[in-house]
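Take a look at the structure set out below.
The values are calculated or read from the model by the stated rules, or taken from the named source; none is laboratory data. The structure displayed is predicted, hence computed values, not measured ones. SASA here: full protein model, heavy atoms, side chains in, ligands and nucleic acids out. Shrake-Rupley method; radii C 1.70, N 1.55, O 1.52, S 1.80 Å.
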Amino acid sequence: MSFDNQYLTYTEYGQLGGQTLDETSFNLLEYRARKEVDKRTKSRFQLLEAEEYPQELKMCIYELLDSVKDEGSSDISSETVGSYSVTKKTKKEVEQVKDDIISRNLSEIKVNNVYVLYIGEDIDY
């Protein structure tokens with residue numbers, strides 16, 4: 001299976017210090033992280049060529065990999081051993097973590113002179 005138009009490649013992942021994922025796992029998680037970014041940016045980065053992707057976008061995807069990897073499986077926010085107890089993060093808390101990562105990395109980024117996190121309609125002048 002081919003993964004085209006990745007915002008972060010496996011090679012770049014390794015250059016940033018990523019070592020925990022094999023290439024297949026990385027590709028699947030990068031796809032999920034990319035979809036999170038596209039959902040929140042109205043897919044504005046798809047208007048760019050791969051070589052134009054800003055470093056902030058690559059860092060955002062890198063940080064999101066852990067969030068999407070753990071999503072739904074081990075979202076434990078606390079665990080007690082005596083009288084065993086586990087507290088999982090709520091879906092809202094997980095979404096907040098992803099929102100924070102995206103906002104922190106992409107709030108100042110523009111594509112075609114429009115902030116990527118702007119939720120209104122783009123106007124061509």
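Each of 3, 26 has its accessible area taken with a 1.4 Å probe; listed largest first, they run 3, 26. Relative to the longest principal axis of the Cα atoms of the chain, the long axis of helix 55-70 makes an angle of roughly 30 degrees. In the context of the full set of protein chains, residues of the chain present 65 Å² of accessible surface per residue (probe radius 1.4 Å, heavy atoms only). Volume per residue of the convex hull around the Cα atoms, evaluated for the chain, comes out as 126 Å³.
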